[in-house]
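Here, each number is a calculation from the coordinates, and none is a lab measurement. Predicted, not measured: the structure shown is a model, and the values here were computed from it. Cβ sites come from the backbone with ideal geometry, for glycine too, and all protein chains shown count toward neighbours.
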Amino acid sequence: MSLRDVAEKADCSPSFLSQIELDRVSPTVKNLEKICRALDLTAADFLRDDPVIEAPVTTTKQRENCPLVMQWSGAKLLNFFPPEVNSPFTALLLRVEVNGVSPTRHSLHSLKELCIVLRGRLACHIGKNEYSLGAGEGIFFDLISPHYWSNIGDEIAEVLFTSPNSFHLFEQMENDVRWHVSWKRQKRRTKAVKRLVQVPSETSNQ
């Protein structure tokens, strides 16, 4: 499609589209929607910065060799994708030993996740509720709720976590928040000390 064709379908001028392409103006949300419709796209598709997947990625043979993300006494959290796959989509594999339990975890903000049991039998504990799940069964919930998993079967159990959001451990987020709070406190202390140092010197000058 030529610039004029897109402009005609988007009900705007070719010069306006040219200005957008040259990064001299920014379209309004309404104009962006019109342009996307002209290109047979949704605004969400247009704004999504996903890398192009050049070839399908198979994961069945990778399950025993998934990269380790985090480990506890009775459970492991693994990256379901091979290391070379770079995607904002998250797929994590939780492997729980017999009688094993994962620690209680929760996200710092609303984050939806679909969890599907691949093998074994697990109980998903969300708040005060417990959901028993076997192979092939799944559960969809908000990770902001404190939750943990326990193996209630007689074999190693695995559950696949899938989310459209980029992978980021809750523990990492909590550490980031703690660091930011600590940094802000230190900054306030530094400013307070500077004020205390400046006041006597100004008084002595007078």
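Starting from the Cα of Ile139, step 7 Å along the direction of its Cβ; do the same at Ser13; then give the gap between the two resulting points in nm.
5.9 nm
Run through every distinct alpha carbon pair of the stretch 62-168 and return the Kirkwood hydrodynamic radius in angstroms, one decimal place.
Details: mean 1/r = 0.0722 Å⁻¹.
So the Kirkwood estimate lands at 13.8 Å.
Once you have the alpha carbon radius of gyration of the stretch 3-47, what is it after dividing by 2.2 N^0.38 Å, with N set to its residue count?
Values: Rg = 9.6 Å, N = 45, 2.2 N^0.38 = 9.3 Å.
For the stretch 3-47, the normalised Cα radius of gyration is 1.03.
Only loop residues by DSSP count here, and only those with at most 14 other Cβ atoms within 10 Å; note down the chymotrypsin sites (Phe, Trp or Tyr not before Pro) in the stretch 73-152 that meet that. Don't skip to the end; give the middle numbers.
Working: sites: Phe80, Phe89, Tyr131, Phe140, Phe141, Tyr148, Trp149; in loops: Phe80, Phe89.
When the chymotrypsin sites (Phe, Trp or Tyr not before Pro) of the stretch 73-152 are filtered for loop state and at most 14 Cβ neighbours within 10 Å, Phe89 remain.
What does the convex hull of the alpha-carbon atoms of the stretch 105-150 project to on average, in nm²? Present the calculation step by step, with values, prior to reporting the outcome.
Numbers: hull surface 11.6 nm².
Average projection, Cα convex hull of the stretch 105-150: 2.9 nm².
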